[in-house]
1. Name the helices (runs of 4 or more DSSP H) wholly inside segment 211-313 in which the number of residues that are modelled with pLDDT of 85 or more and among the charged types (D, E, K, R) is 3 or more.
2. So Ala147 fits all but one of (1) at pLDDT below 85; (2) surrounded by 15 or more Cβ atoms within 10 Å (Cβ to Cβ); what number is the exception?
3. Report, by residue number, each residue of segment 193-216 that is within 18 Å of Ile242 (Cβ to Cβ) and open to solvent by 60 Å² or more (accessible area, probe 1.4 Å).
4. Just the residues that are over 16 Å from Tyr93 (Cα atoms), part of a loop (DSSP other than H, G, I, E, B) and not small (Gly, Ala, Ser), please, taken from segment 107-160.
5. Does segment 41-59 hold any residues that are within 19 Å of Tyr10 (Cα to Cα) and either part of a loop (DSSP other than H, G, I, E, B) or at pLDDT below 90 (or both), and which are they?
6. Would you be able to tell me the number of residues in segment 223-264 that are within 15 Å of Thr212 (Cβ to Cβ), open to solvent by 20 Å² or more (accessible area, probe 1.4 Å) and of a type in the set (A, V, I, L, M)?
7. Got a number for residues in segment 59-83 being surrounded by fewer than 12 Cβ atoms within 10 Å (Cβ to Cβ) and touching a residue at least 24 places away in the same chain (Cβ under 8 Å)?
8. Name the residues in segment 223-266 that are in contact (Cβ under 8 Å) with a residue 60 or more places away in the chain and among the aromatic types (Phe, Trp, Tyr), would you?
Amino acid sequence: MLKINEMLGYKRIVIAQNERGLHLYDRRLVAILEPGIYRWFDPSNRHEVQRYDLSVAEFEHPWLDVLLKTDLALVERHLQVVETGEQQVGLIYKNGRLDGVLPPATRRVYWRGPVEIRVEPIDISQDYALSRAHAALLARPSSPALAKNLSGAVQTAEIEANHIGLLFVDGELARTLPPGLHAFWRFNRSMKVESIDLRLQALEVSGQDILTKDKVSLRVNLSAVYRVADPVKARSELGNFIDYLYRALQFGLRQTIGSRTLDVLLGDKDELDQEIWRYAAERARPYGLEVETVGLKDVILPGEMKEILNQVVQAEKVAQANVIRRREETAATRSLLNTAKLMEDNPLLLRLKELEALEKVVDKVERLTVFGGLDGVLKDTVRIELPAR
C-alpha cells in the first residue's frame with residue numbers, strides 16, 4: 001500500500017505519542033504536527049517533516065532565530081521560550097527537580113509536553129550570594145549531570161569552626177565569611193575564597209647561624225605561638241603574613257643574640273625570650289597579628305666550643321669541690337682543737353677518751369696480755385704527755 005501511495009505521489013507521515021514534527025513546505029515552516037497520521041500529495045517532494053522526541057525537552061534548530069521572528073505565534077503554542085538578562089541567572093526545574101542553571105544573556109527553548117519546565121530567575125546585579133536553600137542544592141549536586149551543568153557557574157566555600165573566610169571578587173576583598181557553607185555566582189566576575197585559622201598556631205624559626213657579641217658562632221632554634229587577631233588587616237596589608245611574622249622573629253633573634261656575649265646568653269634565657277617577643281610583637285600588632293609567646297628551643301654550640309665550655313665547667317666544679325673540702329678540713333681541725341682544750345681542762349674527760357681508744361685497739365687484736373692489773377691498764381696502757389706551758 002505504501003509503495004502504491006508513493007507511486008501515486010502521496011506521502012504518509014506518522015507522528016508518535018511522544019513526538020512532535022516540524023512540517024516544512026518548500027523549506028518553510030507551515031505547521032508543528034502533533035501525534036497522528038498525515039498524508040500529502042507530494043509528487044515533487046516539496047513536503048518535509050522533522051521529528052523531535054519530547055523526552056528531550058530542549059529544542060534546538062539551526063533556524064531557531066528565524067522561526068522565533070517569523071513564526072512566533074505558531075512556535076509559542078508548542079514551545080516555551082526562556083531568556084535571561086545580562087545580570088540574571090535562571091534555575092531550571094524539570095518536573096519539579098532542579099536540573100541545571102541558565103547563564104546570563106542566554107536563551108533556551110523547551111517543548112511543551114510531558115516534561116514540565118519551570119525556570120526561576122535570580123537577579124545577580126547587586127548580590128551574587130546564593131540563599132541558604134539554593135546553596136544547599138547547588139554546592140552538593142544530587143546527580144553527576146547536574147554537577148557537570150554547574151561546573152564553572154558556582155563558587156562554593158565551606159568555612160570550618162574557628163576559621164574565617166575572605167571573599168575576593170575581581171581581586172578585591174569583598175566580605176568576610178563566618179563558619180558554614182557559602183556559595184556565590186561566578187558569572188561576570190572572578191572569585192576566590194581564602195580560609196584563615198583564628199586559633200593559636202605555632203611558628204618555628206629553625207637552623208639560624210648567628211654570631212654573638214664575642215664572636216662565638218651559635219645555631220639557634222626558636223619557637224613562637226601567635227594568632228590572627230584581625231584577618232582583614234593581616235591579609236589586606238601583608239602579602240603573606242606568615243612570612244612577615246617569620247622574618248620579624250628571625251630579625252629579633254639575630255639582633256638580640258648579636259648584642260650579647262655567650263656567657264650572658266647562657267645565663268639569662270628568660271630575658272632573651274622577652275626581648276625577642278617584644279621585638280616581634282611590636283612589629284606584628286599593627287598588622288592584626290598577636291604574638292603570644294616566644295621561646296628558644298635549642299642553642300647549639302660548635303664542637304670545639306662545647307669542649308672548651310666542658311673544661312670550664314669541669315674546672316669550676318673542681319674548684320668548688322676544693323673549697324668545700326678545705327672548709328670541711330678547717331671545721332674538723334677546729335673541732336679537734338676544741339676537744340683538746342676540753343680534755344686539758346678536764347682530766348676525767350681525757351681518761352674517757354683513753355678508754356675509747358683502748359676499746360678500739362682491743363677490737364683489732366686477737367690477744368692482749370695485761371700486767372699490773374686494772375690500774376696498770378688504766379694508767380700505763382695509754383700515756384699522753386702534755387707539753388709544758
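1. Working: elements: 231-237, 241-258, 262-267, 269-284.
Of the helices (runs of 4 or more DSSP H) lying wholly inside segment 211-313, those with at least 3 residues that are modelled with pLDDT of 85 or more and among the charged types (D, E, K, R) span 231-237, 241-258, 269-284.
2. All conditions pass for Ala147, except number (2).
3. Hits for segment 193-216 are Ser195, Leu198, Arg199, Leu200, Ala202, Glu204, Ser206.
4. Within segment 107-160, Ile124, Gln126, Asp127, Tyr128, Leu130, Arg140, Glu160 meet the criteria.
5. Residues satisfying the conditions are Phe41, Asp42, Pro43, Ser44, Asn45, Arg46.
6. Pass one, segment 223-264, residues within 15 Å of Thr212 (Cβ to Cβ): 253-264.
With open to solvent by 20 Å² or more (accessible area, probe 1.4 Å) added as a condition, the list becomes 254-255, 258-261, 263-264.
Applying the additional criterion that residues be of a type in the set (A, V, I, L, M) yields 264.
Residues that pass the stated criteria total 1.
7. 2
8. So the first thing to find is which residues in segment 223-266 are in contact (Cβ under 8 Å) with a residue 60 or more places away in the chain, and the list is 223-229, 231-232, 235-236.
Within segment 223-266, just Tyr226 meets the criteria.
The values are calculated or read from the model by the stated rules, or taken from the named source; none is laboratory data. These numbers were taken from a predicted model, which means no experiment stands behind them. Please note: Cβ atoms are built from the backbone with ideal geometry, for glycine as well, and neighbour counts cover all protein chains shown. SASA here: full protein model, heavy atoms, side chains in, ligands and nucleic acids out. Shrake-Rupley method; radii C 1.70, N 1.55, O 1.52, S 1.80 Å.
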